[in-house]
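Take a look at the structure set out below.
The values are calculated or read from the model by the stated rules, or taken from the named source; none is laboratory data. In this text the structure is predicted, and so the values were computed from the model without any measurement. Cβ placement follows ideal geometry from the backbone for every residue including glycine, while neighbour counts extend to all protein chains displayed. Areas reflect the complete protein model, heavy atoms only, side chains present, ligands, DNA and RNA absent. Shrake-Rupley method; radii C 1.70, N 1.55, O 1.52, S 1.80 Å.
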Amino acid sequence: MGKTTTNNPKVLDELGKHTKKEKLKKIKKLSTRSPTGKLIYKEAALCDYLEKEGYHLLDNFGAQITGQLIDNVAHIKTPQDVFNDVLALIKIQDNDELRTSWMKQGEDMLIKRKAILGSLTKLKLDRHRDTKDNARLFYQNTIVVIAKKDYRLETYEQFRKSGKYIFSQQIIPRNYIRSVGKKSDFGKFSRLITNDEKHLLSYRTTLGYLISNYKNPSLAKAVIVSDMLSQIENEAYGRSGKGIIIKALSYLINIVEYNGKATDLKYDRFVYQNVTVLTALMVLQDVAKGFVFESLFSTLTDSMSIERKHQSKTSIPFSQSPKIALTTNYTIPQDTDSFKDRKHLIMLNNFFNAKNKPVQHFKKLLFDWNEKEWNRFDNYMVECVRLFLKNGLIGYTNKNVERLKLISQTSEEFVELMESEYCFVSSFFSIKKIAAGMDVPTDEPSSKSRIVGGWIDLYAAYKGYNIERRKLGGVIKICFRP
C-alpha cells in the first residue's frame, strides 16, 4: 500500500530474489547452535527482528495489544499471528529442522510467555483523527479527503507523510471511484423515509456526523433514530428503516451494538467492555419504553469509563471515545434543556412498515449490490459527510408531529385549553385552577396539581418557553417567559 508497483516479469523476478535473500539473512540471525549441536532460537534476536519488521505495542484503552505497522497502517496481531508470521519467514529456508525447532520453541517464546511481545517498544506515532474542517474515508485503492466545499483523493504514500497511522480495520474493503450520475438505491431509500428537503438535509448531516470521528465538546449528542408514529403514540411501529440506517453505517465505520432492552448502563460495571480502539460508534438497539436517557449523560460529555473482567478500570478520553446512537420505538420523554442539549432525533416518516418493506419496493435486498451500486452508495455517504462539515448537525421538527406527541403525553383537552386560554407570555396563572378542571386518574388535589404541573412543563418545552414561578397571595402561580 503506497508503494510503487510493476507488472514487468523480469523486474518482479529480480525483486523476488532480492526479497528472498534479505529474508534468509534475517532467518540466520534468529537462531544459533548449542555446544551439543541443538538449534536454539535467540530471544533477543527475535525481539530485534520483530521491532525491525514494525511490530509495536499499542494501547487498547488500558490493555496492551501487538500491532505491525506497514506504511502507517497498524495491523493488530495476536501472539498466534506473530508466531505464524515468523513461521512463514522460516518456511522460506525449506529446512525441516528450522521449522520443527520453531514449532516447539516459538510457542513457548510467543504464546505461553509474554516477555518478548511485552518488551516491544510502544508505537510513537499519533493515530489519525478527523478534524472540524475535514474527514477521511480509507478505501482499498485511495483515501477520500472530505472538506466543506469539496473532496479530493489522496494516496497512501501521501498519507504516510502526515506522520499519523490508522488501523487496518479502518480500511473499507472496497475500491472508491468518484462519480456522479445515477442515484443510488440507498439515496432513493433516504428520500422515501424523509418528508421534504429540510428533513432530508437533517438526516444526511446526521449520517455525516456519525461517520466523522471528530468529537466536538460543544456537540456531544446521542443520535436517536425513531419514527413519527412511535414518537406520537409512544407505541411500537417497527419496520420503518431504523435498522437499515445502522447497517449502512456499519459498511463504513466500526460499530459495537448492544441490546437496548437488556443493557444496564447504570449498574453493569462491565457494560462498555466491548468498546475497543477500533470502535467508532456505540449503538443501543431498540431501547425500551421509559429508557433513562440520563444514564448516558457522563458518557456523552466526559471520558468513558471502561472496566473489563480481570483488568483494572480505565478511562477513554472524550476525544477518542465512540459516538453514541440509539434506536427506539418509543419516546425519550425528558425534554428539559439539559436533555435537549444531549439529544439529536432522526424521525423516519413510516413510509416503510410491516406491509411495505424495502425489499418489496426495490425488488431486491438493500446492500446485496454489485460493484457499481456500492460505488454509488459510497459517493452518497461521502457527500453526507461533506454536508455535515458544511452545515453542522441540522435538527428537524415537524410541528404537527410535535403537537400530536404532546397530546399523547398529556390530553387533547389540556392542549386545547392551554392554546386557547393560557398561551399568553408573562401572565401569571394557577396550576391548581387548571388541574381542577382536568380529567386525570386521581381526585386528590395535590396529586392532580403535580400531574398537570408535569404537563405544563411539557407544554412549555413544546412552545419553547421558560417557566417562572412565584408565590402570590399564598398560592404558587406560574407564567411563561420567552
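Could you state the accessible area per residue of the range 334-477 in Å², with a 1.4 Å probe and every protein chain left in place? List each step's numbers first, then the result.
On the way: 7850 Å² over 144 residues.
Accessible surface, normalised per residue, equals 55 Å².
Could you work out Rg/(2.2 N^0.38 Å) for the range 111-222, with Rg from alpha carbons only?
Values: Rg = 18.6 Å, N = 112, 2.2 N^0.38 = 13.2 Å.
This ratio for the range 111-222 stands at 1.41.
Can you list the equivalent-ellipsoid semi-axes of the chain, largest first and in whole Å, using the square root of 5 times each Cα gyration tensor eigenvalue?
On the way: eigenvalues 648, 145, 69 Å².
So the equivalent ellipsoid measures 57, 27, 19 Å along its semi-axes.
Return one number: the angle in degrees, 0 to 90 and rounded to the nearest 10, between the long axis of the Cα atoms of helix 197-211 and the longest principal axis of the Cα atoms of the chain.
40 degrees
Can you tell me the relative contact order of the chain? Whole percent, Cα pairs under 8 Å, sequence separation 6 or more.
Working: 712 pairs, mean separation 73.2, N = 482.
Averaging sequence separation for qualifying contacts and normalising by length gives 15 percent for the chain.
Quickly estimate the mean residue ellipticity at 222 nm for the chain, helices only: each DSSP H run with n ≥ 4 gives -39500 (n - 2.57), and the total goes over all residues, rounded to 500.
Details: 18 runs with 184 residues, N = 482.
Calculated from helices alone, the mean residue ellipticity at 222 nm is -11500 deg cm²/dmol.
Out of residues 5 or more away from residue 350 or on other chains, whose amide H comes under 5 Å of its own, with H placed 1.01 Å from N in the peptide plane?
228
Read phi for every residue in the range 112-122 and hand back ³J(HN,Hα) as whole Hz from Karplus 6.51 cos²θ - 1.76 cosθ + 1.60, θ = phi - 60°, with x for Gly and Pro.
After applying 6.51 cos²θ - 1.76 cosθ + 1.60, I find 7, 10, 10, 4, 5, 5, x, 9, 4, 6, 6 Hz.
Quick one: with all protein chains in place, what share of the accessible area of the chain is carbon or sulfur, to the nearest percent (1.4 Å probe)? Kindly include the intermediate steps, with their values, before the conclusion.
Values: 12590 of 25120 Å².
Ligands and nucleic acids excluded, carbon and sulfur give 50 percent.
Find, among the trypsin sites (Lys or Arg not before Pro) in the range 343-405, those assigned to loop by DSSP (not H, G, I, E, B) with at most 16 other beta-carbon atoms within 10 angstrom. Numbers along the way, then the final one.
Values: sites: 343, 355, 363, 364, 372, 376, 386, 390, 399, 403, 405; in loops: 355, 363, 364.
Hits after loop and neighbour filter: 355, 363, 364.
Please calculate how many Å² of accessible area the range 37-127 carries per residue, with a 1.4 Å probe and no DNA, RNA or ligand atoms counted. Please list the in-between numbers first.
Numbers: 4710 Å² over 91 residues.
Value returned for the range 37-127: 52 Å² of accessible area per residue.
Got a sec? Charge dipole of the chain, +1 on Cβ for Lys and Arg, -1 for Asp and Glu; which of 325, 180, 55 is way out at the positive end?
55
Testing the spin-label approximation: label points 7 Å from Cα along Cα→Cβ at residue 424 and residue 111. State their distance in nm.
Roughly 8.3 nm, to one decimal.
Can you tell me the accessible area per residue over the range 273-313, all protein chains present, probe 1.4 angstrom, in square angstrom? Before the final figure, lay out each step's value.
Values: 1880 Å² over 41 residues.
Per-residue accessible area for the range 273-313 comes out at 46 Å².
Quick one: what are the phi-derived ³J(HN,Hα) couplings along the range 393-404, Karplus 6.51/-1.76/1.60 with θ = phi - 60°, whole Hz, x for glycine and proline?
So the J values, rounded to whole Hz, are 8, 8, x, 9, 10, 10, 4, 5, 5, 5, 5, 5.
Taking the range 260-334, how much of its Cα-Cα pair set, in percent, is spaced more than 19 angstrom apart? It would help to have the intermediate numbers written out before the result.
Values: 947 of 2775 pairs.
Across the range 260-334, Cα pairs with separations above 19 Å total 34 percent.
Scan around residue 174 for amide H atoms under 5 Å from its own, H built in the peptide plane at 1.01 Å from N, and keep only partners 5 or more places away or cross-chain.
Residues meeting the amide H criterion: 140.
Can you give the FRET efficiency for residue 367 and residue 57, using 1/(1 + (r/R0)^6), R0 = 35 Å, r = Cβ-Cβ distance, to the nearest 0.05? Walk me through the numbers on the way to the answer.
Working: r = 37 Å, r/R0 = 1.05.
Once the sixth-power term is evaluated, E becomes 0.45.
For helix 371-391, what angle does its Cα long axis make with the longest principal axis of the chain, in degrees from 0 to 90 and rounded to 10?
60 degrees
If amide H atoms are built 1.01 Å from N in the plane of the peptide, which residues on other chains or at least 5 residues away come under 5 Å of the amide H of residue 306?
314, 315, 316
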